[in-house]
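Okay, structure first, notes after.
The values are calculated or read from the model by the stated rules, or taken from the named source; none is laboratory data. None of the values given here were measured: they were computed from a predicted structure. We place every Cβ from the backbone using ideal geometry, glycine too, and count neighbours over all the protein chains shown. Calculation scope for accessible area: heavy atoms of the full protein, side chains included, ligands and nucleic acids excluded. Shrake-Rupley method; radii C 1.70, N 1.55, O 1.52, S 1.80 Å.
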Amino acid sequence: MSYSQKMLDALDKQDLSLANQMFTKALQKDDDDTLYSLAEELYALGFLQQAQQLYERLLKRYPQEDDIKTVLADIAISNGDTDTALNYLADIQPTSSAYAASLLTTADLYQTLGMTEVSEQKLLEGMRLYPDEPVMTFALAELEFNIGNYQAAITLYQTLLASDINEMSNVNIKARLASAEALYGDFEDAQQTFAKIPHPELSNDELFQLGVVNAQLHDNKKAVEVLTELQQRDAQYTSLYPVLAESQEHLGQLQAALQTVQIGLGMDEFNERLNKRGSEIAIKLGDLQLGEKYLRAALEIAPDNMSTVVALSNLLITQKHYDESIALLKPLLKQQAVDPQVYWNLGQSYLAQDQLMQARDNYMQAYDAFQQNPTFFRQLVTLFQMTGDRQPMLSALKRYVKLQPDDLDMQELLDEYLHENN
C-alpha cells in the first residue's frame, strides 16, 4: 500500500497526526502518478494546503501540464490570492486542452471580483469555442441567474433542457428554470414548470419560490400547503412566515395567520415585514393594542419607513389618539418627498382637535392626491362648515356627491344650498 493511500485511510479514521506523517512519507517515497491521485483526493476533500503543495511540486516537474495550473488557480481563488490565480490562468493558451477549464475558472474569478461583464465575456468565448460543451451554457446561466439577469438565464436553462440535460453540478436544471421564471415575474410559467418537479427534489429556496408563485397567483390554498411543507422541513427558514401568514389571511384564517406571525417573530424578532403583517392581522381581529405593538416594533427596526409611520398614524386616529398622531407625523414634513397620506392624516388629527387653520393647510397639501376619494371630500365639507367657508364647502360638497351619488343625505344638503343660492 502506498503512503498516499495510508494517508487517506488515516483521514478516513480522523487520525490527523498519522495522516500528516503519511503525507510526509508520500512526498518522499510515492511516484508522481500516485501523488497526482492523492492531490485530486485531497482537493476534493477540502485539504487545499496539502493539495496545493502537491500540485506545485508536480508543476515544477511537468511545467506544460496546464490542468495543474487550472487547479492551482482554483486553490488560489479559494485562498483569496487573485493575482496568483490570474498568473496561472494567463499561462494557459487557447491551443491547450485545459483552455476550456481555464475559461470557467477565469469566469469564476472575475465574478468573485465583481467584474461580471468580464466573467460573461469569458463564458461567451467558451460557448463559441466549445459549442458541444454544455458546461459553458450552464455556467453562463448560473452567472446570469446570480446577478439577476433572469430573462437571459431562462433562455439558457431552456437550451440545456432542450438538449435533455436535466442536472449539472448537483443542480436541478428544471427547478432552477422555475426559480428564474418566478424571480422574473413569469409566475404562470413558473407554476407550470414547478408542477413537473416532485417536491423532495426541490431545495428549500426552490420550495419557497413555489410558495411565493402560488401566493402571487392568488392560489392561497396551495401557497399555504407548500409553505407549511417548507416550515415542517426547516422551521428556521424565516422568509416563509410573512408569505404564509398573508396567504392564511387571504383565506380568512386569521387566528392561524396570527399564530404564524408569532412563530416567525419567535425566530426573527427583527423582521420588519412580519411585524407589519402581524399588525394588519391583529387589527382585523379587533386587537388594536396588539396591532399598535407590532407597528411600533416595525418602526424600531426601520424608523424611516414612511408607510409604517402612516399605518401607525391611521391606527392612532382610529383610536382617537390625535396628539400622538400629530407628534408622529410632524417630523416627516422635513423630508423632501412626503406621502400625501401624511398631510391627510395631519389634517384629520387637527380637525378632530378643532385646530382648523392647521387642518385646512394640511388638507390643501393633500388635495391633488385624493381627487377620487369621497371620504376625503366628506371631511373637507365638515372642515369648511366649521370654518364658515361657504364657497369652498359647496365645491367640496359637489365633488363628494359626484363621487358618492348614493349618499342621499348629502345630496339633500347640496340641494338645499343650491336652492338658497337661487
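Express in % the proportion of alpha carbon pairs of segment 366-412 at distances exceeding 16 Å.
31 percent
With point charges of +1 on the Cβ of Lys and Arg and -1 on the Cβ of Asp and Glu, referenced to the Cα centre of the chain, which listed residue (ASN166, ASN275, LEU104) lies farthest in the positive direction of the dipole?
Towards the positive end, the residue furthest out is ASN275.
According to the square roots a ≥ b ≥ c of the eigenvalues of the Cα gyration tensor, what is the shape class of segment 253-305, taking rounded for a/c under 1.5, prolate for a/b larger than b/c otherwise, and oblate for the remainder? Before the final figure, lay out the partial values.
On the way: a/c = 2.39, a/b = 1.30, b/c = 1.83.
Here segment 253-305 falls in the oblate category.
How large, in Å, is segment 224-269 by the Kirkwood hydrodynamic radius built from its alpha-carbon pairs? Each step should come with its number before you reach the end.
Working: mean 1/r = 0.0981 Å⁻¹.
After inverting the pairwise mean of 1/r, the radius is 10.2 Å.
Under a 1.4 angstrom probe, counting protein chains only, how are LEU104, LEU299, LEU346 ranked by accessible area, largest first? Working shown, then result.
Values: LEU104 50, LEU299 25, LEU346 0 Å².
In descending accessible area the options line up as LEU104, LEU299, LEU346.
Hey, rough spin-label estimate for ASP32 and LYS221, points 7 angstrom out along Cα→Cβ, what's it come to in nanometres?
A separation of 6.9 nm, rounded to one decimal place.
Leaving ligands, DNA and RNA out of it, report the carbon-plus-sulfur percent of the accessible area of the chain at a 1.4 Å probe.
46 percent
Using only Cα atoms, figure out Rg for segment 185-330 and give it as a multiple of 2.2 N^0.38 Å.
1.16
Which one of ALA73, ALA359, ALA369 has the biggest mean-square fluctuation once the chain is modelled by GNM with Cα springs under 10 Å?
For the chain, modelled as a Gaussian network with Cα springs under 10 Å, the answer is ALA369.
I want to verify a result. In a Gaussian network model of the chain, Cα cutoff 10 Å, which of these has the top mean-square fluctuation: GLY148, GLY388, GLY211?
GLY388
Could you check the spin-label model distance between SER78 and ALA90? Points 7 Å from the Cα along Cα→Cβ, value in nm.
For SER78 paired with ALA90, the spin-label model returns 2.4 nm.
Roughly speaking, what is the stretch gain from LEU288 to ASP9, that is 0.36 nm per residue apart minus the C-alpha to C-alpha distance, in nm to one decimal?
93.9 nm
SER97: accessible area at probe 1.4 Å, nearest 10 Å²?
110 Å²
Quick one: Cα centre-to-centre distance for segment 292-349 and segment 201-268, in angstrom?
When both Cα centres are located, 29 Å separates them.
LYS69: which lysines have alpha carbons under 21 Å from its alpha carbon, excluding same-chain residues fewer than 8 sequence positions away?
Excluding near neighbours in sequence, the set is LYS60, LYS122.
Gaussian network model of the chain, Cα springs within a sub-10 Å range: biggest mean-square fluctuation belongs to which of LEU254, LEU227, LEU27?
LEU27
When only C-alpha pairs under 8 Å and at least 6 residues apart count, what is the relative contact order of segment 101-178, in percent?
Values: 76 pairs, mean separation 15.4, N = 78.
Once divided by the residue count of segment 101-178, the mean separation gives 20 percent.
How large is the dipole of the chain about the Cα centre if only Lys and Arg carry +1 and Asp and Glu carry -1, each at its Cβ, rounded to the nearest 20 debye?
The dipole magnitude comes to about 980 debye.
Any chance you could look up the accessible area of THR95 with a 1.4 Å probe, heavy atoms only, rounded to 10 Å²?
130 Å²
In Å², and per residue, what accessible area does segment 143-223 have when probed at 1.4 Å with the other protein chains present?
Each residue of segment 143-223 exposes 50 Å² on average to a 1.4 Å probe.
List, in order, the whole-Hz ³J(HN,Hα) value for each residue of segment 74-80 obtained from phi through the Karplus relation with A = 6.51, B = -1.76, C = 1.60 and θ = phi - 60°; use x for Gly and Pro.
So the J values, rounded to whole Hz, are 4, 5, 4, 4, 4, 7, x.
Hey, with R₀ at 56 Å, roughly what FRET efficiency would GLU416 and ASN305 work out to, going by the Cβ-Cβ distance, to 0.05?
Working: r = 45 Å, r/R0 = 0.81.
According to the calculation, E is roughly 0.80.
Can you tell me the length gained on complete extension of the stretch ARG390 to LEU161, counting 0.36 nm per residue apart and subtracting the Cα distance?
75.3 nm
Counting only C-alpha contacts under 8 Å and six or more residues apart, can you give the relative contact order of the chain as a whole percent?
4 percent
Per 20 Å bin, what is the whole-percent P(r) computed from every C-alpha pair distance within the chain?
Binned Cα distances yield the sequence 19, 33, 29, 14, 5, 0.
Can you give the helix-only mean residue ellipticity at 222 nm for the chain, where every DSSP H stretch with n ≥ 4 adds -39500 (n - 2.57) and the sum goes over all residues, rounded to the nearest 500 deg cm²/dmol?
It lands at -23500 deg cm²/dmol.
What whole-number distance in Å separates the alpha-carbon centres of segment 114-178 and segment 33-75?
28 Å
State the three equivalent ellipsoid semi-axes of segment 29-143, derived from the C-alpha gyration tensor as the square roots of 5 times its eigenvalues, in descending order and whole Å.
Numbers: eigenvalues 129, 47, 32 Å².
Working from the Cα gyration tensor, I get semi-axes of 25, 15, 13 Å.
Could you give the radius of gyration (one decimal) and Dmax (whole number) of the Cα atoms in segment 126-243, in Å?
14.8, 49
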